[in-house]
Amino acid sequence: MLEEMAMQVDKNIVVKKFGGTSVGALERIENVATRVIRDQSRGESPVIVVSAMSGETNRLVRLANDLDPYYRGAAYDMLLASGEQVAVALLTIALEKRGAKAAPLLAHQVGIQTDALFSKARIRSIDTTKISSLVEQNIIPVVAGFQGVTEDDQITTLGRGGSDTTAVALTAALKGSACEIYTDVPAVYSADPRLVAKARELKTVTFEEMMEMASVGSKVLHFRAVEIAAKYNIKIHSRSSFEDRDGTWVMAEENMLENPVVSSVTHDPSTVVIQLNPVPAGAAFLANLFARLAEKNIVVDIITQSASDSPSAHTQRLHFSIPEEDLPQTQKLLQEILKNETEVKVMRDMAKISVIGVGMKNHPGVAARFFKIFKERNVDVHLVTTSDIKISAVVAKSQLKEVAEALHTEFDLDV
Ligand code: ASP
Ligand code: MG
């Protein structure tokens, strides 16, 4: 779909996305402008995508939540999308101040069409006519990330962190082969350096690994961005806007020389575990519960069922985990559908820790090494899930650091 819209442009187009911290203050916006103009003078035709200034989207979320934490819909997306508008305008001013020609563009002006799933909208198509013609005239398009527009002209947003997705989708639409994502860190790390001091920079990561990292809470790249990059084989270069050196390349596995068994230890500190006890045994209850959650766009992560304490054989205990941000909606829904006898226990101070690596596919024994770390430290594992390149466990937040460091050492990732 995306590539069908592309117009062939005879220019060296490079889509560059600048995240919130890169445009977090006027001085930083000025730096970005200087850098973009330098790249242009080196023969690139930059197409810029920006996020809101750092902290701004959170501020807008708080305003909405203070009014009504349950409201989601057109007005919520309109509110959140306003942060990007400010950043686009300021960066355009900074570029023009330096003598460049630039054009500020919101999603409706570039035709970034999405479905109507507010707060989690998906891009359907991008009309590249306007951007291509600006590039032809050496005008730098500065495009608002994170936002889109529905068929009937409502503003939508793509989910938190969604500017990455705008950038990669735009690269695909323009038939580019690489996309630069600028952040405040120089590279993707083998673990979050704030948690694991011995984390190291990764030169390359496969699409598959990056998707797993994004889905288990690494905030490095938006999940959908990596999904689109994999589909259209677009290399993502994740790098710092404060330094002038290569960061991490996210690309197809075939381009890599060798793959470690585990390439990263990733964590998600905002996991909430919900225990329902007792609930009716059998698939009917589960099907209804998870369908209702899905209707609300709540992504349930790990699900386990076990015997309930009650003597009835027709009941069981259910655990599942959700992102913290979906808790109010989930609680409201549970109130609607559960009978009085079911006790709902919300376990908030939980974290998910995962090891990820495409090399796992060819190496047995990874799970044994993983659980040994927990056993040696007497750390309770609440929920577990695996894929062919990932193992995740939910633990108490207070034990996260200890476990993360030990896993990092166990899988030979320490610097
Ligand atoms: N400003 C939006 C957010 O904070 C989108 C983004 O930064 O990618 O989630
Ligand atoms: Mg981001």
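The values are calculated or read from the model by the stated rules, or taken from the named source; none is laboratory data. In this text, all values refer to a predicted model and were calculated from it rather than measured experimentally. Counting neighbours? That spans all protein chains shown, and the Cβs are built from the backbone with ideal geometry, glycine included. To get the accessible areas, we keep the full protein, side chains included, count just its heavy atoms, and leave off ligands, DNA and RNA. Shrake-Rupley method; radii C 1.70, N 1.55, O 1.52, S 1.80 Å.
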Subset of region 119-156 [open to solvent by 20 Å² or more (accessible area, probe 1.4 Å), more than 17 Å from the chain's Cα centre (by Cα) and β-branched (V, I, T)]: T129, I139, I155
Those residues that are farther than 18 Å from I140 by Cα and either of a type in the set (D, E) or away from ligand 1 (no atom under 16 Å from the Cβ) (or both), I need them from region 12-64; list them, please. L26, E27, E56
Enumeration of residues in region 58-98 that are free of Cβ contacts under 8 Å to residues at least 40 places away in the same chain, more than 18 Å from G161 (Cβ to Cβ) and among the small types (G, A, S): A75, A89
Just to be sure I understand, how many residues within region 282-322 are in a strand (DSSP E or B) and either crowded, with 17+ Cβ neighbours inside 10 Å or at pLDDT 95 or above (or both)? 8
Return the residues of region 244-266 that are closer than 24 Å to V300 by Cβ and either assigned to a loop (DSSP other than H, G, I, E, B) or open to solvent by 30 Å² or more (accessible area, probe 1.4 Å) (or both); say none if nothing qualifies. none
From S215, S241, residue being under 23 Å from V23 (Cα atoms), touching a helix residue (DSSP H, G or I) at 6+ places or on another chain (Cβ under 6 Å) and open to solvent by 10 Å² or more (accessible area, probe 1.4 Å): S241
Given the options K198, K231, name the one that is away from ligand 1 (no atom under 14 Å from the Cβ), modelled with pLDDT of 95 or more and over 27 Å from D412 (Cα atoms). K231
Residue that is nearest to V168 (Cα to Cα) [pool: residues in region 57-68 that are open to solvent by less than 50 Å² (accessible area, probe 1.4 Å) and within 16 Å of ligand 2 (Cβ to nearest atom)]: T57
Top-ranked residue of region 183-193 - restricted to ones that are part of a strand (DSSP E or B) and crowded, with 24+ Cβ neighbours inside 10 Å, ranked as farthest from ligand 2 (Cβ to nearest atom): V188
Here is a check on your reading of the model: is V15 within 16 Å of ligand 2 (Cβ to nearest atom), β-branched (V, I, T) and over 27 Å from A172 (Cβ atoms)? no
Checking A197 against (1) open to solvent by less than 40 Å² (accessible area, probe 1.4 Å); (2) assigned to a loop (DSSP other than H, G, I, E, B); (3) among the small types (G, A, S), only one condition comes out false. Which one? (1)
Applying the selection to region 162-179, what residues are surrounded by fewer than 24 Cβ atoms within 10 Å (Cβ to Cβ) and not hydroxyl-bearing (S, T, Y)? K175, G176, A178
Check G159 against each of (1) surrounded by fewer than 24 Cβ atoms within 10 Å (Cβ to Cβ); (2) of a type outside the set (F, W, Y); (3) closer than 23 Å to T34 by Cα; (4) within 13 Å of ligand 1 (Cβ to nearest atom) and name the one condition it does not meet. (3)
Can you pull out every residue in region 332-342 that is surrounded by 14 or more Cβ atoms within 10 Å (Cβ to Cβ) and under 29 Å from the mean Cα position of the chain (by Cα)? L333, L334
Criterion (touching a Ser or Thr at 6+ places or on another chain (Cβ under 7 Å), of a type in the set (A, V, I, L, M), closer than 20 Å to E325 by Cβ and away from ligand 2 (no atom under 16 Å from the Cβ)) met by exactly one of A121, A102: A121
List pairs: first residue in region 44-55 and among the hydroxyl-bearing types (S, T, Y), second residue within 13 Å of ligand 2 (Cβ to nearest atom) anywhere in the structure, Cβ distance under 6 angstrom, at least six positions apart or on different chains. S51/G19; S51/G20; S51/G145; S51/S163; S54/G20; S54/T21; S54/G24
Residues T21, T34: which one is farther than 23 Å from L221 by Cβ and surrounded by fewer than 20 Cβ atoms within 10 Å (Cβ to Cβ)? T34
Among the residues of region 142-158, write down those that are within 11 Å of ligand 2 (Cβ to nearest atom) and not hydrophobic (A, V, I, L, M, F, W, C). G145
In region 289-306, is there at least one residue being in contact with a Pro (Cβ under 6 Å, 6 or more places away or on another chain) and among the hydroxyl-bearing types (S, T, Y)? no
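Applying the selection to region 104-118, what residues are of a type in the set (G, A, S) and open to solvent by 30 Å² or more (accessible area, probe 1.4 Å)? Let's see the steps before the verdict.
Let us first name the residues in region 104-118 that are of a type in the set (G, A, S), namely 107, 111, 116.
Of everything in region 104-118, just one residue is of a type in the set (G, A, S) and open to solvent by 30 Å² or more (accessible area, probe 1.4 Å), namely A116.
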Is it the case that Y71 is within 15 Å of ligand 1 (Cβ to nearest atom) and open to solvent by 10 Å² or more (accessible area, probe 1.4 Å)? no
Just give me the residues in region 343-377 being within 26 Å of S308 (Cβ to Cβ) and open to solvent by 70 Å² or more (accessible area, probe 1.4 Å), in sequence order. E343, K345, R348, D349, F371
Among what's in region 218-230 and is open to solvent by 20 Å² or more (accessible area, probe 1.4 Å) and part of a helix (DSSP H, G or I), pick the residue that is farthest from ligand 2 (Cβ to nearest atom). A230
